[in-house]
Amino acid sequence: MLIDPQVLEDTHTSIEPDRGGRFFGLFRRKKNHRALLNKIIIWMFGPLFLLWTVGLVITYFIAQNIANAPYDRALADHLRLLKHEVEQQNILNGIQLSPSAITILQGDPLNMIHWEIRDANGNSLGGNAHIPLPDNWTYEEDKIRLRNETVDNRSIRVAYIWGGQDQGGLPFLTIVSQSNEMRATLQQEILTGMLTPQLIVLPLAALLAGLGLTQGLEPLSLLQERIRARRANDMSPISADLAPAEIVPLIAAMNSLLQRLAATNETQRRFVANAAHQLKTPLAGMRTQAELALRERSPDKLNASLEQMVLGSERATRLVNQLLTLAKAESAENPHLIISDDIELNELARTQTSAWVDMALEKGLDLGFEPAAYPAQIRGDRLMLAELLNNLIENALLYCQPKGWVTVRVGGDALSAYLEVEDCGPGISLENRERVFDRFFRILGSEADGSGLGLSIVKEIADQHDGIISFMPTSTRNGVAGSTCLRITFSRIERDQTT
């Protein structure tokens, strides 16, 4: 089976430069998969934009504090000056400020200082009576308090201090206020000076970062071009010479996948070739018998042709089943193979032997089973091991003559367990013992009806389970000597527990 490049393209994120250059938009998406560059940009600039937004808020409050600090110090100085002036007077006789104090308090006409003196009950004694007091103000002596208020839709900054005493010892509250317009102007200038470089640098940083990302991902584009240029049936490893170190594990994984796909393709190619080659003979025979049946007028000859067609179809069916079993056993990525099953060989062999009793009786053969004295536990795939034993038993029954015998045994020792099938058939010569496991190999002169796949299937399944196949010495039963004894030895998963 060949792999269509379009399938790989549709199931993986594709990395592709645009026609105009190497910048954003360089990667396109397949189906719902997000392009790698888009994901990097989101994770890079998303948190950066969030931090920048938080930085703007922090910058705003910093600018506000910087702008308020000098004006608050000046307002506190005016507050102390006013308090000192009033302490030199008798507030019950009215408040008169010195010309120098008035000049200082008036200051800039656009940023004039307003003032007011109140007694302990909050009654105005002099100054601008419209300066509002806080709802809850405390009698903390010599503690300057600052707050923002709104008067006539204008924002003002108010400072007040309690604890001053006039010449008569009467306490009073000193209040001064100033418009926030100059503060807002200074704050705006500070924000402009701080944010303007950020607004210029941030887009440039994003531009350079995007350019750097695309240049950094250039090896991926080159790798993509090399993969796209490969032929559909090219399963050779992908070279990692020009790939960055971070991509080398990905290329190694892709090469491993290509290797497994190549093995699977080769298995399927062999299966198709074997099936096409081996099915030609039975299908040709069935066609010949069908043509003869069409020309026959005699019922007896017609029935004979139909019987041959049935036998031919049975042989073809058996051949196809064996081919499928062999392909399944050979598959390197067999999803049905479960090597982790715990299998008791006595139970498995007894079940499979019982299934062949009817065929043995029809052929007049003595089919026996000799279990091991103790449980023989191994690890493997139950279905595949059953297929292995079925092929051994079927081969033995096919090649034995009537009144012969076949014995299935289970045995082992503390480290291993084995399945063994012995028969009294024609036997296998020493020079053919290696070749009998090849596909479609049949010993010359054999009259039994077979395809030459049974022992090939046995070998494939044994190899998958790390089993060892060996020819063992034969025994004699009912005066008839055995000719072939095949043993497959497996490793135990635990030692026998003797009693």
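Screening Ala245 on (1) modelled with pLDDT of 80 or more; (2) not acidic (Asp, Glu); (3) not in a helix (DSSP H, G or I) shows it passes everything except condition (1).
For the stretch 36-55, the set of residues classified as within 19 Å of Gln188 (Cα to Cα) and touching a Leu at 6+ places or on another chain (Cβ under 7 Å) consists of Trp52 only.
Any residue that is at pLDDT below 70, in contact with a helix residue (DSSP H, G or I) (Cβ under 7 Å, 6 or more places away or on another chain), assigned to a helix (DSSP H, G or I) and of a type in the set (Asp, Glu) - is there at least one of those in the stretch 311-318? The answer is no; no qualifying residue exists. Screening the candidates Ile238, Ile161 for the property of being touching a helix residue (DSSP H, G or I) at 6+ places or on another chain (Cβ under 7 Å) and part of a loop (DSSP other than H, G, I, E, B) yields one hit, Ile238. State all residues of the stretch 152-203 that are surrounded by fewer than 14 Cβ atoms within 10 Å (Cβ to Cβ), touching a residue at least 40 places away in the same chain (Cβ under 8 Å) and acidic (Asp, Glu); if no residue qualifies, say none. Within the stretch 152-203, Glu181 is the sole residue that qualifies. The residues of the stretch 105-120 that are under 20 Å from Asp166 (Cβ atoms), at pLDDT 80 or above and out of contact with any Ser or Thr (no Cβ under 7 Å at 6 or more places or on another chain), listed by number, are Trp115, Asp119. Considering the stretch 97-133, and only residues there that are in contact with an Asp or Glu (Cβ under 9 Å, 6 or more places away or on another chain) and of a type in the set (S, T, N, Q), the residue that is surrounded by the fewest Cβ atoms within 10 Å (Cβ to Cβ) turns out to be Ser98. A single entry from Gln268, Gln278 fulfils the requirement of being crowded, with 18+ Cβ neighbours inside 10 Å, out of contact with any Cys (no Cβ under 8 Å at 6 or more places or on another chain) and either at pLDDT below 75 or among the aliphatic types (A, V, I, L, M) (or both): Gln278. Within the stretch 339-363, the residues that satisfy the criterion of being crowded, with 16+ Cβ neighbours inside 10 Å, assigned to a helix (DSSP H, G or I) and not β-branched (Val, Ile, Thr) are Leu345, Asn346, Leu348, Ala349, Gln352, Ala360.
In the stretch 71-79, the condition of being assigned to a helix (DSSP H, G or I), at pLDDT 85 or above and loosely packed, with under 12 Cβ neighbours inside 10 Å is met by at least one residue. In the stretch 443-463, the condition of being out of contact with any helix residue (DSSP H, G or I) (no Cβ under 8 Å at 6 or more places or on another chain) and either over 30 Å from Ser313 (Cβ atoms) or at pLDDT 90 or above (or both) is met by at least one residue. With the condition kept exactly as written, say whether any residue in the stretch 289-310 is hydrophobic (A, V, I, L, M, F, W, C) and at pLDDT below 75. No, because not a single residue in the stretch 289-310 is hydrophobic (A, V, I, L, M, F, W, C) and at pLDDT below 75. Taking each residue of the stretch 50-75 that is among the charged types (D, E, K, R) and looking for partners that are loosely packed, with under 15 Cβ neighbours inside 10 Å with beta-carbon atoms closer than 9 Å, six or more apart or interchain, yields Asp72/Leu146.
The values are calculated or read from the model by the stated rules, or taken from the named source; none is laboratory data. Note that the structure is predicted; figures quoted are calculated from it, not measured. A quick note on method: Cβ atoms are made from the backbone with ideal geometry, for glycine too, and the neighbour counts reach across all protein chains shown.
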